[in-house]
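> One structure, as structure tokens, below. Some questions next.
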Amino acid sequence: MRSPPAPRLVRVSTPEEFREPIPGDTADLGSRPPLHDACAPLRELVGVWRGEGEVDYPTIDGPFRFGQQVTVSHDGRPFLRHQARAWLLDAKGAVLRPAAWETGFWRPGTEGRVELLLTHATGLVDLFHGSAQPGRWELETDAVLGTPTAKQVEAARRTYALSEDLLDYAESRAMVGQPMTPHVSARLRRVPSGGRQDTP
């Protein structure tokens, strides 16, 4: 009886070979590269933020508690990268499962204006614009785009407010036939030494 052929060895590339030939971005203002001057109105947002919040809406059986981490980073160019991941919590604070995931960019405008472009795993793209004041950013959507399988969303508003190392935010949405209604709120605390973030 013929013995089976020896398995063919396949060379596995090391993680180092997949690294991009450019530096990653950073969520630490003490690291290089320096923050671009145009991002001064957004400077206080740079960092890693983690905390808990609540989500509710007339069309869901809520409210629900969630944990969240938001990372706002930069690579020295005139914009910030935004990434936020959330996870549902039970009544005792234990993690149940992954929840919302959004990624996008903060872009400084002129005369105290800012833009926030967000893509959601639920098939939505939010184009926010608004005002930047010291420790406060108020935004509303110019447009909300959705894939054929996404929920119908007409508009959204967000407010971020910073007090020392605490970042509070609240979001309202007009969607699935409902008027503009409070939807999500959270309180996040700055995580010390944000450091470099790997490019996804």
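> State, to one decimal in nm, how far the label point of Trp87 lies from the label point of Arg19, with both points 7 Å from Cα in the Cβ direction.
Distance between label points: 2.8 nm.
> Let me ask something else about it. Students often check this: by mean Cβ neighbours within 10 Å, which of 127-137, 22-32 ranks highest, and how do the rest follow? Mind showing how you got there, number by number?
Values: 127-137: 16.2, 22-32: 14.6.
By packing density, highest mean first, the sequence is 127-137, 22-32.
> For the range 153-159, in order, what is each residue's ³J(HN,Hα) by Karplus, 6.51 cos²θ - 1.76 cosθ + 1.60 with θ = phi - 60°, in whole Hz (x at glycine and Pro)?
In residue order, the calculated couplings are 10, 8, 6, 8, 9, 9, 10 Hz.
> A further question follows. Tell me, what ³J(HN,Hα) does each residue in the range 45-51 have, in order and in whole Hz, if you take phi through Karplus 6.51 cos²θ - 1.76 cosθ + 1.60 with θ = phi - 60° and put x for Gly and Pro?
Along the range 45-51, the couplings run 7, 5, x, 10, 10, 9, x Hz.
> Towards the positive end of the charge dipole of the range 25-81, with charges on Cβ (+1 Lys, Arg; -1 Asp, Glu), say which of Gln69, Thr59, Val48 has the farthest Cα.
The residue sitting farthest along the positive end of the dipole is Val48.
> Next question, about the same structure. For the range 76-104 and the range 47-73, what is the separation of their C-alpha centers, rounded to whole Å?
Distance between centres, Cα-based: 7 Å.
> Turning to a different aspect of this structure: Relative contact order for the range 23-67 using alpha-carbon pairs under 8 Å, separation at least 6, rounded to a whole percent? All intermediate terms of the calculation are to be shown ahead of the outcome.
Details: 31 pairs, mean separation 12.3, N = 45.
Computed over the range 23-67, the figure is 27 percent.
> Given H placed on each backbone N at 1.01 Å, which residues far from Val114 in sequence or on other chains put an amide H within less than 5 Å of it?
Gly109, Gly130, Ser131, Ala132
> Further, regarding this structure: Can you bin every Cα-Cα distance in the range 25-197 into 5 Å intervals starting at zero and give me the percent of pairs per bin, rounded to whole numbers?
Each 5 Å bin holds this share of Cα pairs: 2, 8, 16, 22, 22, 15, 9, 4, 1, 0.
> Then there's this: Taking the Cβ of Arg173 as the center, what net charge do the other residues with Cβ under 14 Å away carry, scoring Lys and Arg +1 and Asp and Glu -1? Walk me through the numbers on the way to the answer.
Details: positive: Lys151, Arg157, Arg158; negative: Asp56, Glu102, Asp126, Glu140, Glu154, Glu171.
Counting the neighbours of Arg173, the net charge comes to -3.
> Could you work out the relative contact order of the chain, using alpha carbon pairs under 8 angstrom and six or more residues apart, expressed as a whole percent? Write down the numbers at each step before the final one.
Details: 455 pairs, mean separation 38.5, N = 200.
Computed over the chain, the figure is 19 percent.
We did not get these values from a lab; they are worked out from the coordinates using the rules stated. These numbers were taken from a predicted model, which means no experiment stands behind them. Ideal geometry is used to build each Cβ from the backbone, glycine not excepted, and the neighbour counts take in all protein chains shown.
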